[in-house]
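Here the structure is laid out as structure tokens; the discussion comes afterwards.
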Amino acid sequence: MRRRLHRAALAGLAACLPAAAAGPQSPILLWPQGAPGALGDRPEDRPTLTPYLPKPARATGAAIVVCPGGGYGALAPHEGHDYALWLNRQGIAAFVLKYRLGSHGYRHPAMLQDAARAVRLVRHRAAEWHVDPHRIGIMGSSAGGHLASTLLTHFDDGDPQAADPIDRESSRPDLGILCYAVITMGEHTHAGSRRNLLGPDPSPGLIRELSNERQVTSRTPPCFLWHTWEDPVVDVENTLDFACALRRAGVPFALHIYPKGGHGIGLGDKPPFAHPHPWVAELRRWLALQGWAAPVE
């Protein structure tokens, strides 16, 4: 009942708002006074979140934080900006995360802190962005998929006593979308991602903690997973093992493995996304089943 009322309110609001083209707004600092553990005050020391809001007439009230890939050493624009534009076309608000990187001297837990803060921030400002605080997901590709899967398995419910009201919010995403994701820090890991995230000689305990197929519980949110069998960079076992862990924990998921395709495919297309990779249509159907996607235009 509450969700139906919320959607009705959003629809009424959309009718009162002017139509607006989807596109990025100005980036928002996650910590205006400085991120925890910041190594300086350079742009790379200041994690940000860039909102992309859908046209009000199509907005469903759902939102997704997007974590681009890049081996924890860079951020791939086509796995951030392009995803956000596509999500907007589905009526979903997107928030592209610029998280701290190993190539700039950072190690775990800085990246997880950034992802958790991003979800908390969207939840805290949900009314301002006209999104439902109970429908905030996370999406990531490659190493960005590792970061997304880390938050999917390492979230917390917020600190009700925190002085910062954003820290009182839960960091638990309501669903996850993992695209050819690095999942494990073990046998089938991507060596460059592990080195950038954990350093050259991580302890066995740290490797286990950040091997997210080992951290799935019944509270892990529902997930959409896809990979290609012949991916030469990130072994398909990453996605298969995570799917098996979700199954054992009783967490619903959709899994798509394609026989052909390299790494870093993204949507397989550019705006207006007339001929995307087949996974894109499957994701749209899955999001529609969750009640997150707007009707087909």
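In this structure, LEU151 qualifies as without any contact (Cβ under 8 Å) to a residue 60 or more places away in the chain and buried (at least 24 other Cβ atoms within 10 Å of the Cβ). For the stretch 55-94, filtering for residues that are closer than 20 Å to PRO173 by Cα, more than 14 Å from the chain's Cα centre (by Cα) and not in a helix (DSSP H, G or I) leaves 5.
Considering the stretch 99-155 alone, what residues qualify as being more than 14 Å from the chain's Cα centre (by Cα) and hydrophobic (A, V, I, L, M, F, W, C)? Residues satisfying the conditions are LEU101, ALA110, ALA126, ALA127, TRP129, VAL131.
Among the numbered criteria (1) of a type in the set (Lys, Arg); (2) part of a loop (DSSP other than H, G, I, E, B); (3) touching an Asp or Glu at 6+ places or on another chain (Cβ under 8 Å), which one does ARG107 miss? Only one criterion in (1) of a type in the set (Lys, Arg); (2) part of a loop (DSSP other than H, G, I, E, B); (3) touching an Asp or Glu at 6+ places or on another chain (Cβ under 8 Å) is unmet by ARG107, namely (3).
Please indicate, with yes or no, whether at least one residue in the stretch 207-228 is closer than 29 Å to ASP157 by Cα and among the acidic types (Asp, Glu). Yes: one or more hits. Flag not set for LEU85, criterion: touching a residue at least 60 places away in the same chain (Cβ under 8 Å), farther than 26 Å from ALA274 by Cβ and in contact with a strand residue (DSSP E or B) (Cβ under 8 Å, 6 or more places away or on another chain). Cβ-Cβ distances below 9 Å connect the following pairs, each with a first residue in the stretch 285-297 that is at positive phi, a second residue that is modelled with pLDDT of 95 or more and of a type outside the set (D, E, K, R), and a separation of six or more residues or different chains: GLY291/THR60; GLY291/ALA62.
Considering ALA293, ALA281, ALA274, which residue is closer than 20 Å to ASP82 by Cα, modelled with pLDDT under 95 and not charged (D, E, K, R)?
ALA274
To keep it simple, each residue is scored yes or no on (1) at pLDDT below 95; (2) aromatic (Phe, Trp, Tyr); (3) touching a His at 6+ places or on another chain (Cβ under 9 Å).
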| position | (1), (2), (3) |
| --- | --- |
| LEU49 | no, no, no |
| GLY70 | no, no, no |
| ALA74 | no, no, no |
| GLY91 | no, no, no |
| VAL96 | no, no, yes |
| TYR106 | no, yes, no |
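The number of residues in the stretch 275-293 being within 16 Å of ILE64 (Cβ to Cβ), of a type in the set (Gly, Ala, Ser) and assigned to a helix (DSSP H, G or I) comes to 1.
Please specify each residue of the stretch 54-78 satisfying the condition of being over 17 Å from ARG107 (Cα atoms), of a type in the set (A, V, I, L, M) and surrounded by fewer than 22 Cβ atoms within 10 Å (Cβ to Cβ). Across the stretch 54-78, the qualifying residues are ALA57, ALA76. The residue of the stretch 197-240 that is farthest from the chain's Cα centre (by Cα), among those that are of a type in the set (D, E, K, R) and within 20 Å of GLY264 (Cα to Cα), is GLU230. Right, ASP167: surrounded by fewer than 24 Cβ atoms within 10 Å (Cβ to Cβ), of a type in the set (D, E, K, R), under 19 Å from LEU30 (Cα atoms) and under 20 Å from the mean Cα position of the chain (by Cα) or not? For ASP167, the condition - surrounded by fewer than 24 Cβ atoms within 10 Å (Cβ to Cβ), of a type in the set (D, E, K, R), under 19 Å from LEU30 (Cα atoms) and under 20 Å from the mean Cα position of the chain (by Cα) - is met.
The values are calculated or read from the model by the stated rules, or taken from the named source; none is laboratory data. Quantities reported herein were computed from a predicted structural model and do not represent experimental measurements. Here Cβ is always computed from backbone atoms with ideal geometry, including for glycine, and neighbour counts include all displayed protein chains.
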